[in-house]
Amino acid sequence: MTIGYDKPLYVLPFDHRASFSKELFGWHGTLNPEQIAEIAAVKRIIFDAGKAAVAGGVPKQGTGILVDEQFGAAILHDAREEGLITACPSEKSGQQEFDFEYGVDFARHIEEFNPTFCKVLVRYNPEGDKALNRRQSARLRTLSDYLHSSGRLYMFELLVPPTSAELEHLSGDKKVYDLELRPTLMVQAIHELQDAGVEPDVWKIEGLDRKEDCQNIVVAARRAGRDKVGCIVLGRHEVDERVRHWLTTAASVPGFIGFAVGRTSFWDPLVDYRAKKIPRETAVARIAASFRGWVNVFENPHSEERSTVAEATKNSV
């Protein structure tokens, strides 16, 4: 069994579900069919932006969309027909503990949509609840075994939130945690998950401020013969300058193959569109321009402009 995916991968992720309906629309509880259709229509704006970015020069062979079945079933089918890379989540939305969105029926849903990648979002701190981590690892191995036995690709979004004790030790400073503690915990988490039989082809990683931390992540992801495993950077709904810095830093490290930047790309245009401040075509154009910008940052990390932004951001940490 060969593990890994090491080709360029530029993902526009909009698989947000609970956060999307609550934060963008202000809707809570069970959605009615009209609300579901309205969210699906707004997600279609993001998809159209991805296509517009490709039409504007983003390399099609490396461009992917990550969208959920609930609001994006039609988009997943259309994206495949367009020849784009597709990814679809398997996790229940908005939960602290990973579990399957469709329970034991998870495989049927993956087979129905046949995405390029099956994606999971997992909160895993190796210094946190050990029983929780074991339960998650067991489910994640089940998915890993299924995906690789059926010739499918596994995308693993690893979030390492601080424990209350870790935050207390750092006087509650999450920026210090991100810089000084999280990188080491991420490596430890990757090792533990691998040892538990969880074998992602691509690790979707929270941004790192230092090149050496990116290098350590790649070493962990590719240890013990996993030479083709790739890493991509997620955006975490951060401001543009932070995301640019993370992409610039990661792009200089072999093994980081791209990014998945979602809300930083689409949130403000969609807010403006829903407030009727801009028409649909302007929202599409703004999101497409943002996505093209991330590709440019990643593919040209050593340009003078990018280096200046990165240095300024680094000095502000």
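A few points about this structure:
- Selection of the stretch 5-33 for residues being surrounded by 19 or more Cβ atoms within 10 Å (Cβ to Cβ) and in contact (Cβ under 8 Å) with a residue 24 or more places away in the chain yields Tyr5, Leu9, Tyr10, Val11, Leu12, Pro13, Phe14, Asp15, His16, Arg17, Phe20.
- Scanning the stretch 114-134 for residues that are surrounded by fewer than 17 Cβ atoms within 10 Å (Cβ to Cβ) and not in a loop (DSSP other than H, G, I, E, B) yields Lys130, Ala131, Leu132, Arg134.
- The lone exception for Ile46 - which of (1) out of contact with any strand residue (DSSP E or B) (no Cβ under 9 Å at 6 or more places or on another chain); (2) crowded, with 18+ Cβ neighbours inside 10 Å it fails: (1)
- Qualifying positions in the stretch 146-178 - touching a residue at least 60 places away in the same chain (Cβ under 8 Å) and buried (at least 16 other Cβ atoms within 10 Å of the Cβ): His148, Leu153, Met155, Glu157
- Candidate set: the stretch 231-277, residues that are in contact (Cβ under 8 Å) with a residue 60 or more places away in the chain and hydroxyl-bearing (Ser, Thr, Tyr); chosen: the one surrounded by the most Cβ atoms within 10 Å (Cβ to Cβ): Ser265
- Number of the condition not met by Val198 [criteria: (1) surrounded by 24 or more Cβ atoms within 10 Å (Cβ to Cβ); (2) touching a strand residue (DSSP E or B) at 6+ places or on another chain (Cβ under 6 Å)]: (2)
- Residues that are within 16 Å of Val202 (Cβ to Cβ), over 17 Å from the mean Cα position of the chain (by Cα) and either without any contact (Cβ under 8 Å) to a residue 24 or more places away in the chain or in a loop (DSSP other than H, G, I, E, B) (or both) within the stretch 220-230 comprise Arg222, Arg223, Arg226, Asp227, listed in sequence order.
All of the numbers you see were taken from the coordinates with simple rules; none came from a lab. Note that the structure is predicted; figures quoted are calculated from it, not measured. Positions of Cβ are backbone-derived with ideal geometry, glycine not excepted, and every protein chain shown enters the neighbour counts.
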